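Undergrad: Have a look at this one before I ask anything.
The values are calculated or read from the model by the stated rules, or taken from the named source; none is laboratory data. Just so you know, these numbers come straight off a predicted model, no measurement behind them. Surface areas here come from the heavy atoms of the whole protein model, side chains and all, with no ligands, DNA or RNA. Shrake-Rupley method; radii C 1.70, N 1.55, O 1.52, S 1.80 Å.
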Amino acid sequence: MPDLTHAHLSRRRLALVFGVVLAILAAVNVADKFGPHHTGLVAGPVVALALVLIARGAGLTWHDLGLSRRTFLPGLKYALGAVVIVAVVYTAGAAIPATRVAFHDVRYHLHPGAALLTAFVVVPLGTVLLEEVAFRGVLLGLVNRHRGATWASITSSVLFGLWHILPSLRLAQVNAAVGATLGVGATGRVLAILGAVAFTGLAGLLLCELRRRSGSLLAAAALHWATNGLGLLIAAALATTSFS
């Protein structure tokens, strides 16, 4: 009976902490979409720290969160490899006319200085830090502790996909490849949102696996940054380049 009582209390505690984390993330998502420009740049680091404190208070260890010093070097090796692979793939994609259109996104038509600032400050602090701490750190750690690695990866990745609903509302209008493929009408917008949720959910599974194999958030964060940051830099460069 004591074991059953302990398990029941443990499940209730998990549900409570899980609900608090989701409520915080939902509020940040809405604020970032509809609040002042670059709200995430301020909220990201603050909320990431708050989530870590909540998780530690709930009993998660630094290893559970992917922040253990013991896994830093393996994480660094995976991180460097991930950045190199993305750089090679993106360079090849930008060089081939058939795939170059995927980088034509009006959001990234930026002055070189603004592109560098966005890629190396806004993206890591305003996007990657919070998302990795929240989805591959706190949520993954909470579910893994109580339900195991498979459920942890699935839950984290589904929520990561849903997290991208608001940011993808205008995807068909701002990305040339998406707009050309799906159209820019109501149907195209809905399909773009569904596609973004599905794509980021699958990406979440990859990031969870990278986090599991390396034991470190650093590996997942590096792949996440490379996907966003290098893509932004290439898109910005292509926007100022003419091809004959």
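Undergrad: Which translational diffusion coefficient, to the nearest whole µm²/s, is obtained for segment 5-70 from the Stokes-Einstein equation, given a Kirkwood hydrodynamic radius over C-alpha pairs, 4 °C and 1.567 mPa s?
TA: Rounded to a whole number, D works out at 97 µm²/s.
Undergrad: Using the alpha-carbon atoms, what tilt in degrees (0 to 90, nearest 10) does helix 149-163 show relative to the longest principal axis of the chain?
TA: 50
Undergrad: While we're looking at this one, here's another question. Quick check: from the Cα gyration tensor, does segment 148-215 come out rounded (a/c under 1.5), prolate or oblate?
TA: prolate
Undergrad: List every residue whose amide H lies under 5 Å from the amide H of residue 104, counting only residues 5 or more places away in sequence or on a different chain, with H placed 1.01 Å from N in the peptide plane.
TA: For residue 104, the qualifying residues are 176, 177.
Undergrad: Shape verdict for segment 100-197, please, from the Cα gyration tensor: rounded (a/c under 1.5), prolate (a/b greater than b/c) or oblate.
TA: Here segment 100-197 falls in the oblate category.
Undergrad: Across 10 Å bins from 0, what is the distribution of all Cα-Cα pair distances for the chain, in whole percents?
TA: 7, 28, 36, 20, 7, 2, 0, 0
Undergrad: Residue 23 to residue 165: extension gain in nm, 0.36 nm per residue of separation minus the Cα-Cα distance?
TA: Difference between extended and current length: 49.5 nm.
Undergrad: If you roll a 1.4 Å probe over segment 147-244 with all protein chains in place, what percent of the accessible area is carbon or sulfur?
TA: 69
Undergrad: Could you work out the helix-only [θ] at 222 nm for the chain, with each DSSP H run of four or more residues adding -39,500 (n - 2.57) and the total divided by the number of residues, to the nearest 500 deg cm²/dmol?
TA: That comes out to -22000 deg cm²/dmol.
Undergrad: Sticking with this structure for a sec: Which number do you get for Rg(Cα) / (2.2 N^0.38 Å) in segment 16-109?
TA: Taking the Cα Rg and dividing by 2.2 N^0.38 Å, one obtains 1.50.
Undergrad: Let me know the shape class of segment 177-244, please: from the alpha-carbon gyration tensor, a ≥ b ≥ c as square roots of the eigenvalues, rounded when a/c is under 1.5, otherwise prolate if a/b is greater than b/c, or oblate.
TA: Oblate, since a/c reaches 1.5 and b/c is not below a/b.
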